[in-house]
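Taking it in order: structure first as structure tokens, then the write-up.
The values are calculated or read from the model by the stated rules, or taken from the named source; none is laboratory data. Computed from a prediction, not measured in an experiment: that's the story for all the values here. Heads up, the Cβs are rebuilt from the backbone with ideal geometry, glycines too, and the neighbour counts pull from every protein chain shown. Please note that ligands, DNA and RNA were not included when accessible areas were found on the heavy atoms of the full protein model with its side chains. Shrake-Rupley method; radii C 1.70, N 1.55, O 1.52, S 1.80 Å.
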Amino acid sequence: MADATNRYTAEQRALLALWAVPGLGPRTLEGLRAYAGGSVARLAACPVREWVVEAPLPTPVRRKLAEVAELEWLAERVLERCAAVAMGVAFQGERAYPARLAETGDAPPLLFYRGQVGPPRRRVAMVGSRHPDQGFLPFARTFARQVAEGGVGVVSGAAAGVDRACHWGALDASGETWAFLGSALDELDPAQAKLLPHFLARGGVFFSELPPGVRASTTTFPRRNRLIAGASDAVLVLRAGAASGSLYTAEAGRAQGRPVLALPGDVMNEGAAGCNALIRDGQARACLSVEEVWRAVGIHPDRTVPPGEGCSWDELSAEARGAYQVLDRVPRSFDEVLAGSRLSPGALTSALVELELSGLVIQHPGRLYEKV
């Protein structure tokens with residue numbers, strides 16, 4: 001256990017401990033960081049009783065923290081519970097933490113995960129009702145498979161119904177799929193527990209912002225929807241009634257500046273009323289084909305490597321990784337990348353070819369390069 005936990009810095013361990021306190025969210029955490037002079041590790045260096053009274057905390061959080069002697073003790077307990085179920089912890093800035101999510105205003109400082117996080121790629125949130133109309137789930141699974149065949153990752157919530165069908169569709173294509181849960185990863189419901197082995201065996205990842213031991217509730221599901229949207233480049237609502245929880249994901253996507261799409265349905269079908277309303281009110285674009293999803297996330301399947309055929313991030317050369325960090329999701333010229341990469345022209349050419357073959361970069365006409 002010592003080897004597994006010693007890789008975390010003092011700052012990360014303090015963050016982990018604070019994040020495990022019920023009711024302590026990103027904004028309260030930022031207030032604590034400012035109170036501690038920019039580093040919550042300073043709070044972990046002394047007993048909690050010495051600072052908890054004066055710290056800027058909501059009363060319920062203050063009471064919970066007052067029950068803890070030291071933050072280090074709490075961090076150790078959380079890490080022990082993570083190790084018991086092979087749960088990883090990804091902090092913002094680390095490769096396992098979704099980069100797109102880190103750009104959002106209400107992103108958690110860390111995520112718990114199970115699975116192997118793959119290389120960067122474009123991703124779409126695909127969500128919908130738990131109980132769609134009869135015959136829709138096979139369609140949703142096929143649609144998600146076709147999306148994944150274009151090299152696009154599928155993000156959803158592992159809920160019964162449309163969400164789960166979309167995960168299965170991505171797995172059918174040997175594509176990437178991420179599930180953000182409304183519970184801790186050691187508190188899976190029976191259906192999620194059955195789904196997890198298939199994810200782990202076929203490259204999927206379970207994520208949660210909730211520390212070990214937290215069960216799902218009516219409040220955790222709306223909160224996790226912002227993570228589904230935030231980790232994605234676009235949001236697609238496949239089927240939603242007027243009161244469907246998947247509409248929270250569409251709302252989060254709009255707030256985060258993501259393109260939002262919806263599949264239109266028969267006007268007499270109450271199960272499609274939410275999707276139709278999104279389109280009618282100008283809150284989503286009508287989606288009529290898989291190609292429209294690819295365009296929404298900026299993918300050109302004819303120029304990308306199919307799922308499973310590219311190399312992993314860990315197999316890339318140092319030059320390729322360096323060049324990738326300079327690139328953006330807006331095409332850049334060879335000279336622009338050269339100026340920012342500190343590589344020689346020959347080394348950069350080789351690095352860009354490597355990135356193209358791995359499926360991480362698209363080359364447009366005129367030697368313009370763009371992240372996938």
Most to least accessible of Glu30, Glu209, Glu187 (protein chains only, probe 1.4 Å): Glu30, Glu187, Glu209
Fraction of accessible area attributable to carbon and sulfur, the chain (%, probe 1.4 Å): 52
Area of Tyr248 that stays accessible when all protein chains are in place (1.4 Å probe, Å², to 10): 120
Debye, to nearest 20: dipole size of the chain, +1 on Lys, Arg Cβ, -1 on Asp, Glu Cβ: 540
Along principal axes, Cα extents of the range 244-372, largest first, whole Å: 61, 28, 28
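If R₀ is 45 angstrom, what is the calculated FRET efficiency for the pair Glu270 and Glu76, using the beta carbon separation as r and rounding to 0.05? Before the final figure, lay out each step's value.
On the way: r = 51 Å, r/R0 = 1.13.
Step by step, r from the Cβ atoms, then E = 0.30.
Suppose the chain between Ala55 and His364 were pulled fully straight at 0.36 nm per residue; how much longer would it get relative to their current alpha carbon spacing? Don't jump to the answer; show the numbers that get you there.
Details: separation 309, 0.36 × 309 = 111.24 nm, distance 5.28 nm.
Using 0.36 nm per residue and subtracting the Cα-Cα distance, I get 106.0 nm.
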Largest-first ordering by accessible area, 1.4 Å probe, given options Arg321, Arg130, Arg42: Arg42, Arg130, Arg321
FRET efficiency for Phe139 and Ala99, using Cβ-Cβ distance with R0 set to 30 Å, rounded to 0.05: 0.45
Full-extension gain in nm, Glu30 to Phe221, via 0.36 nm per residue minus C-alpha separation: 66.4 nm
Mean accessible surface per residue for the range 1-132, computed with a 1.4 Å probe while every protein chain stays in place, in Å²: 48
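Assigning unit charges at the beta carbon (Lys, Arg +1; Asp, Glu -1) and nothing else, what dipole magnitude in debye, to the nearest 20, does the range 1-119 show about its Cα centre? Intermediate values should be presented prior to the final figure.
Details: 14 positive and 13 negative charges, 44 e Å.
I would put it at about 220 debye.
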Selection from Val52, Val372, Val205, by position along the positive dipole direction of the chain (Cβ): Val52
Intensity falloff of the chain expressed as log10 I(q)/I(0), Debye formula with alpha-carbon point scatterers, at q = 0.14 Å⁻¹: -1.19
List Glu149, Glu67, Glu94, ordered by accessible area with a 1.4 Å probe, largest first: Glu67, Glu149, Glu94
Probe 1.4 Å - accessible area at Val267, Å² to nearest ten: 130
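On a full-extension model of 0.36 nm per residue, what is the gain between His300 and Arg42, subtracting their alpha-carbon distance, rounded to one decimal in nm? Display every interim value, and only then the final one.
Numbers: separation 258, 0.36 × 258 = 92.88 nm, distance 4.81 nm.
Once the chain is fully extended between His300 and Arg42, it gains 88.1 nm.
Mind putting a number on the dipole of the range 231-302 about its Cα centre? Charges go on the C-beta only, +1 for Lys and Arg and -1 for Asp and Glu, and I need it in Debye to the nearest 20.
160
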Per-residue SASA entry for Asp233, accessible area with 1.4 Å probe, Å² rounded to 10: 10
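What is the antiparallel percent of DSSP beta bridges lying wholly in the chain, to the nearest 5?
Working: 14 of 33 bridges.
Expressed as a percentage, antiparallel bridges in the chain total about 40.
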Residues of the range 207-268: accessible area per residue with a 1.4 Å probe, Å²: 38
Sum of -39500 (n - 2.57) over DSSP H runs of 4+, divided by residues of the chain (222 nm, nearest 500): -12000 deg cm²/dmol
For the range 66-153, convex hull of alpha carbons as volume per residue, Å³: 176
